[in-house]
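The values are calculated or read from the model by the stated rules, or taken from the named source; none is laboratory data. Remember, it's a predicted structure, so these values are computed and weren't measured experimentally. Cβ: placed from backbone, ideal geometry, glycine included. Neighbour counts: every protein chain shown. Quick note on the areas: whole protein, heavy atoms, side chains included, nothing else; ligands and nucleic acids left out. Shrake-Rupley method; radii C 1.70, N 1.55, O 1.52, S 1.80 Å.
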Amino acid sequence: MSAKIYENPDELRRDIRSGEFTINTSSQCPQYLQANMAILPSNIADLFLEFCRLNPGACSILEMLPAGCYQPAKLTKTQADIRTDLPKYRIYKNGELVDENVTDIRKFWNDQLVTFLLGCSFSFEYALQQNGVRIKNIDEKKNVSMYKCLKKKCPGPFKDVYLVVSMRPIRNDQIDLVKQVTGHPKFAKTHGEPLYCGYNYAEELGVNEDLSQVDFGDPVSLDKETETPCFWYCGVTAIMAAIEASKVDQSICITHSPGHMFVSDVKDDEEIPD
């Protein structure tokens, strides 16, 4: 397992490809956009696309690859392969998890698979750090905390999908700063400003009252006297939708493992090509 902090996305992807880097990608390649990933057969890709368009806060599409294509064009300027360049993948079939410890999906690949790369909040963590905001999951060397919002079902073709949020404890006197930084237009496709900040999260979102009980990722420390939990839209929402989509005709679905993102060559202040 590598403890190195990478600055160059191409170098990071090469080390992921070789098995040198195997952990979550939070804090890696500061200033570069990171992406959630979902891969589905072409016959159900339109259903998933409709879901994303109806839920843009959680499921903003950075790039959609044509069927059979595994090399992103908009998000990369150097060699990249979505089959090998994420640290960990999950494989589902007919909505059931088949394997959660896959590091190379080439054996599952076929020319009917469509890849979606979607915005991720890891993309604004560096900007927060540059403004003096502690990112607990980075400081504690953990994956970000993620939760299902059991009071917020998502509109669209998959009626059983709940919104998923990520949570970061923020110092009380920095909440307005965090909203300003993450609310900048350049982060519009990577979840933007917090959806909710405060301790009434169980009532407002339907998140478990005990924040140590995460649905995805790792719990982090929270000082209730000096910090407030802030919740952002999370791209794992799209992963839940992709899993539901795979039930349509008992299809395969491939996703990133939560926190193990595709790291792009696009900086957070660059325009993504059309």
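For segment 57-162, which fully contained strands (runs of 3 or more DSSP E) count at least 3 residues that are open to solvent by 10 Å² or more (accessible area, probe 1.4 Å) and farther than 18 Å from M37 by Cα? Lay out the reasoning, then the answer.
Details: elements: 61-65, 89-93, 96-102, 113-119, 145-153.
The strands (runs of 3 or more DSSP E) meeting that bar are 145-153.
Against the conditions (1) of a type in the set (S, T, Y); (2) touching a Gly at 6+ places or on another chain (Cβ under 6 Å); (3) within 24 Å of T103 (Cβ to Cβ), where does T255 fall short? Just the number, please.
Exception for T255: condition (2).
Does V181 fit the bill of being under 25 Å from P157 (Cα atoms) and at pLDDT 95 or above?
Considered against the rule, which asks whether it is under 25 Å from P157 (Cα atoms) and at pLDDT 95 or above, V181 comes out as no.
Looking only at residues in segment 22-35 that are in contact with a helix residue (DSSP H, G or I) (Cβ under 7 Å, 6 or more places away or on another chain) and within 18 Å of D218 (Cβ to Cβ), which one is most open to solvent (accessible area, probe 1.4 Å)? First the steps, then the outcome.
Step one: of segment 22-35, the residues in contact with a helix residue (DSSP H, G or I) (Cβ under 7 Å, 6 or more places away or on another chain) are 25-34.
Then drop every residue that is not within 18 Å of D218 (Cβ to Cβ), which leaves 25-28, 34.
Values: T25: 0, S26: 11, S27: 31, Q28: 9, Q34: 3 Å².
Filtering segment 22-35 for residues that are in contact with a helix residue (DSSP H, G or I) (Cβ under 7 Å, 6 or more places away or on another chain) and within 18 Å of D218 (Cβ to Cβ), the one most open to solvent (accessible area, probe 1.4 Å) comes out as S27.
Looking at this structure, is P185 more than 20 Å from L97 (Cβ to Cβ) and out of contact with any strand residue (DSSP E or B) (no Cβ under 6 Å at 6 or more places or on another chain)?
Answer is yes for this residue.
Please determine whether any residue of segment 199-209 is in a helix (DSSP H, G or I), aliphatic (A, V, I, L, M) and in contact with a helix residue (DSSP H, G or I) (Cβ under 6 Å, 6 or more places away or on another chain). Full working, then the answer.
From segment 199-209, those in a helix (DSSP H, G or I) are 201-205; that's our starting set.
Among the residues that remain, those that are also aliphatic (A, V, I, L, M) are: 202, 205.
Right, trim to in contact with a helix residue (DSSP H, G or I) (Cβ under 6 Å, 6 or more places away or on another chain) and you get none.
No, because not a single residue in segment 199-209 is in a helix (DSSP H, G or I), aliphatic (A, V, I, L, M) and in contact with a helix residue (DSSP H, G or I) (Cβ under 6 Å, 6 or more places away or on another chain).
Test G192 against the stated conditions and say whether it is at positive phi, open to solvent by less than 40 Å² (accessible area, probe 1.4 Å) and either among the small types (G, A, S) or without any contact (Cβ under 8 Å) to a residue 24 or more places away in the chain (or both).
Working: at positive phi: yes; open to solvent by less than 40 Å² (accessible area, probe 1.4 Å): yes; either among the small types (G, A, S) or without any contact (Cβ under 8 Å) to a residue 24 or more places away in the chain (or both): yes.
Against the criterion (at positive phi, open to solvent by less than 40 Å² (accessible area, probe 1.4 Å) and either among the small types (G, A, S) or without any contact (Cβ under 8 Å) to a residue 24 or more places away in the chain (or both)), G192 qualifies.
Of all residues in segment 234-274 being among the aliphatic types (A, V, I, L, M) and within 26 Å of R14 (Cα to Cα), which is farthest from the chain's Cα centre (by Cα)?
Quick first cut of segment 234-274, residues among the aliphatic types (A, V, I, L, M) only: 236, 238-243, 245, 248, 252, 254, 261, 263, 266, 272.
When the remaining residues are screened for being within 26 Å of R14 (Cα to Cα), the result is 236, 239, 254, 261, 263, 266, 272.
Working: V236: 6, I239: 9, I254: 14, M261: 6, V263: 11, V266: 16, I272: 17 Å.
Within segment 234-274, the match that is farthest from the chain's Cα centre (by Cα) is I272.
Filter segment 213-242 down to the residues that are under 21 Å from L177 (Cα atoms) and not in a loop (DSSP other than H, G, I, E, B) and list them by number.
E227, T228, P229, C230, F231, W232, Y233
Need the failing condition index for P219 against (1) more than 21 Å from M37 (Cα to Cα); (2) in contact (Cβ under 8 Å) with a residue 40 or more places away in the chain; (3) touching a helix residue (DSSP H, G or I) at 6+ places or on another chain (Cβ under 7 Å), just the number.
Unmet for P219, out of (1) more than 21 Å from M37 (Cα to Cα); (2) in contact (Cβ under 8 Å) with a residue 40 or more places away in the chain; (3) touching a helix residue (DSSP H, G or I) at 6+ places or on another chain (Cβ under 7 Å): (3).
Could you check segment 9-45 and list, in sequence order, the residues that are farther than 24 Å from H184 by Cβ and part of a loop (DSSP other than H, G, I, E, B)?
First, the residues of segment 9-45 that are farther than 24 Å from H184 by Cβ: 10-24, 37-45.
Answer for segment 9-45, where residues must be farther than 24 Å from H184 by Cβ and part of a loop (DSSP other than H, G, I, E, B): G19, E20, F21, T22, I23, N24.
Given the structure, is S123 at pLDDT 95 or above, under 30 Å from I175 (Cα atoms) and of a type in the set (S, T, N, Q)?
On the way: at pLDDT 95 or above: no; under 30 Å from I175 (Cα atoms): yes; of a type in the set (S, T, N, Q): yes.
No: the conditions fail for S123.
Restricting the search to segment 229-249, which residues are open to solvent by less than 20 Å² (accessible area, probe 1.4 Å) and under 19 Å from I170 (Cα atoms)? Break it down stepwise before answering.
Restricting attention to segment 229-249, the residues satisfying the condition of being open to solvent by less than 20 Å² (accessible area, probe 1.4 Å) are 229-232, 234-239, 241-243, 245-246.
Once the filter is applied, which keeps residues that are open to solvent by less than 20 Å² (accessible area, probe 1.4 Å) and under 19 Å from I170 (Cα atoms), segment 229-249 yields P229, C230, F231, W232, C234.
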